[in-house]
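In what follows, a structure is listed as structure tokens, so that the remarks can point back to it.
The values are calculated or read from the model by the stated rules, or taken from the named source; none is laboratory data. The shown structure was predicted, so the numbers you read here are calculated from the model rather than taken from an experiment. Neighbour counts are summed over all protein chains in view; Cβ atoms, including those assigned to glycine, are modelled from backbone coordinates with ideal geometry. Each accessible area value is taken on the protein alone, full model and side chains, heavy atoms only, with ligands, DNA and RNA left out. Shrake-Rupley method; radii C 1.70, N 1.55, O 1.52, S 1.80 Å.
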Amino acid sequence: MNITRETNNNIAIDLQRLSKVYGSGHVAVKAVDDVSLHVTKGEMVAIMGPSGSGKTTLLQMIGALLRPTSGEVFIDGKNISLLSENGLPRVRLQNFGFIFQTPNLLSSLTATQNVELVLNLAGKKGQGARQRAEELLGQLGLGDRLSHKPAQLSGGEQQRVAIARALANNPPILLADEPTANLDSQAGHGVMELLGKVAREMGKTVVTVSHDMRIRYVVDRVLWLEDGRLRIRWSEGVTIDPVCLMIVEKDKTTHVLEHDGEKDYFCSAECKREFEAHRSKYKDVHISL
């Protein structure tokens with residue numbers, strides 16, 4: 001393996017034939033299978049796919065939370081796959097801001113204190129840390145919630161605090177794992193728009209995994225992960241089944257519904273029938289590519 005890699009200076013994340021295998025022998029499961037990927041600096045990329053497709057495992061390997069079974073992860077040209085366990089915490093602290101499905105805020109601390117805590121871990125204390133936390137929360141629309149504890153905040157506001165916490169130490173890369181999964185439609189849309197704004201205005205590289213179909217209107221690229229492999233990128237000829245979330249090639253399926261001037265495509269007659277029976281349940285899943 002190489003310690004560093006000659007690469008385009010504009011590449012933030014470079015994955016080379018990355019795999020993660022759980023178990024061995026006949027019970028071995030490839031959660032991620034031979035994935036290679038470049039993400040440029042300042043780009044916002046969404047990785048989508050059905051449950052169990054390996055999205056979270058891939059994100060954790062990018063963020064040095066999980067070691068790959070094989071392959072290499074280069075962050076700004078440095079191979080973090082070779083680092084010892086003792087070296088990984090500093091890499092995470094300096095390079096990544098993490099946003100999870102659950103905000104994981106400390107209930108006894110205020111919004112400001114939750115953000116300050118991450119700054120303290122990086123050695124920044126006192127008034128400077130307090131000012132940094134308040135400025136970030138203000139930029140994210142929480143200037144009037146600085147002294148509120150998590151129980152006094154809505155779900156969307158809590159997730160905004162989590163984003164501020166992820167930004168606290170000014171990492172170049174944000175990694176978000178299903179950041180809208182626990183939010184209602186309006187709050188989820190607001191969080192995704194906010195992440196897009198962060199990527200553009202603060203120059204951050206953002207990689208998010210999600211089931212939320214609305215994310216594709218915010219990001220620069222959508223990649224589809226299925227059975228641990230990157231299968232296909234969105235194009236004019238593909239969409240997803242709004243029921244089972246499997247990829248569908250428009251010209252190869254006969255299971256189509258047209259309504260209100262738009263079309264939905266399905267992988268099977270069963271999914272089409274389910275959609276017809278419970279249309280309102282899937283109305284926010286419709287995609288027009």
Residues that are assigned to a helix (DSSP H, G or I) and surrounded by 22 or more Cβ atoms within 10 Å (Cβ to Cβ), drawn from the range 60-79: 61, 62
Test: residue in the range 182-202 that is at pLDDT 90 or above, farther than 23 Å from residue 63 by Cβ and part of a helix (DSSP H, G or I): no
Unmet criterion (only one of (1) of a type outside the set (Phe, Trp, Tyr); (2) within 30 Å of residue 24 (Cα to Cα); (3) crowded, with 21+ Cβ neighbours inside 10 Å) for residue 85: (3)
Any hit, the range 258-273, residues being touching a Ser or Thr at 6+ places or on another chain (Cβ under 6 Å), modelled with pLDDT of 85 or more and either among the aliphatic types (A, V, I, L, M) or open to solvent by less than 60 Å² (accessible area, probe 1.4 Å) (or both): yes
The lone exception for residue 95 - which of (1) of a type outside the set (Gly, Ala, Ser); (2) open to solvent by 70 Å² or more (accessible area, probe 1.4 Å); (3) more than 25 Å from residue 188 (Cβ to Cβ) it fails: (2)
Cβ-Cβ under 6 Å pairs, at least 6 apart or on other chains, the range 4-30 side over 24 Å from residue 55 (Cβ atoms) and open to solvent by 50 Å² or more (accessible area, probe 1.4 Å), far side modelled with pLDDT of 90 or more and part of a loop (DSSP other than H, G, I, E, B): 4/77; 5/77; 10/41
Condition broken by residue 134, with the remaining ones in (1) closer than 30 Å to residue 20 by Cβ; (2) open to solvent by 20 Å² or more (accessible area, probe 1.4 Å) satisfied: (1)
When residues of the range 218-246 are limited to those that are modelled with pLDDT under 70 and either among the aliphatic types (A, V, I, L, M) or farther than 22 Å from residue 32 by Cα (or both), the one surrounded by the fewest Cβ atoms within 10 Å (Cβ to Cβ): 236
